[in-house]
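Heads up, the thing below is written out as structure tokens.
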Amino acid sequence: MKGLTRRQRQVLEFILDKLDSGSLIPTYREMADHFGFSSPNAVLIHIKALRSKGYLQNQPGRARSLQVLDPHAPKLRVRPRIASIPIYGTIPAGYPMDTDQEDEGCVLIDIDTLGIKPTARTFGLKVQGNSMLGKFIMSGDIAILEHGLEPRSGDVVAALIDGQVTLKTFFVQQGKPFLRAENPHYPNLIPREELQIQGVMVALIRKRQ
């Protein structure tokens, strides 16, 4: 970054990495240990330089009160926040079918771009079929779903209906749930016996051809 020495940039990026991981601002001692400085005073010199150059400021009355200032900080975030989401096979976006969940590896997602916060219950399924075109979901897309969420009317869900799975829009009408296709060539699905929601879609990934 223009105006920073190599070490000043390293100190600032170390602070940003800690913040990105959800940690507190590191202490001077933690920074000294990380960079192998003999004492925290060496860190203080770099912090003072970063403050004078407009990259950091103190928040009065608060411990660990360093704050990274915009617009400089985003330019230093050369590594996006990436999460690995497991892919558990395919899901029909058409007529329900019998399918087995199979681990097919993972897909890496940019958390900031998709705007989601993945958890241990987040997973992906490859879409197969075209019954959801009205929701701009195409065959070959990867639906990112969250298990355990309570579906609301209008949510796209991975559902187990009468023992078969499908990707559809969830609705409740007159107190009774049903699954709606987003393509007039496919019927809505009303469960005869059982409807289980396996996941609510929170994001969609379309791989470039």
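Each reported figure results from applying straightforward, stated rules to the coordinates on display, with no laboratory input. What you see is a predicted model; the values in this text were computed from it and never measured. Here the Cβ positions follow ideal geometry from the backbone for every residue, glycine too, while neighbour counts run over all protein chains shown.
Net charge near ILE161: determine it from the other residues with C-beta under 14 Å of the C-beta of ILE161, scoring Lys and Arg +1 and Asp and Glu -1. Net of charged neighbours comes to 0. Among the lysines of segment 82-205, pairs that are 8 or more positions apart or on different chains and have alpha carbons within less than 19 Å of each other number 4. In loop segments of segment 140-209 as defined by DSSP, the trypsin sites (Lys or Arg not before Pro) with at most 11 further C-beta atoms inside 10 Å of their C-beta are ARG152, ARG192, LYS207, ARG208.
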